[in-house]
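Engineer: Have a look at the structure that comes next, please.
Nothing in this text is a laboratory measurement; each read-out follows from the coordinates by a stated rule. Bear in mind that the values here come from a model prediction, so they are computed numbers and not experimental data. Cβ: placed from backbone, ideal geometry, glycine included. Neighbour counts: every protein chain shown.
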Amino acid sequence: MFARRVCGSAAASAARLARHESQKVQGDVIGVDLGTTYSCVATMDGDKARVLENSEGFRTTPSVVAFKGSEKLVGLAAKRQAITNPQSTF
């Protein structure tokens, strides 16, 4: 249920674009919801919007980035280390 609420705008955007009658859409249709807490991506699978899973298997990704030396962390990995590296986590 949480993923559905968070990703609703990404799925709805992809669906609206795919159904737009004044233009013929060629190729893949992708909707992106860049949220302040979580982000997600949806694509059209036939006539239905499908929210994609990230590398951890979740349909939402924390909107967090961190820098640790030369390493760049995003999403859940960045969120997990935020307490030990607060000055370089955004």
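Engineer: Taking 0.36 nm per residue of separation and subtracting the Cα-Cα distance, what length does fully extending residue 85 through residue 26 add? Numbers along the way, then the final one.
Structural biologist: Working: separation 59, 0.36 × 59 = 21.24 nm, distance 4.41 nm.
Gain on extension, residue 85 to residue 26, equals 16.8 nm.
Engineer: What net charge do the residues around residue 73 carry, taking every other residue with its C-beta under 11 Å from that of residue 73, with Lys and Arg at +1 and Asp and Glu at -1? If you can, show how the numbers build up before the last one.
Structural biologist: Details: positive: 68, 72, 79, 80; negative: 71.
Combined, the nearby Lys, Arg, Asp and Glu give +3.
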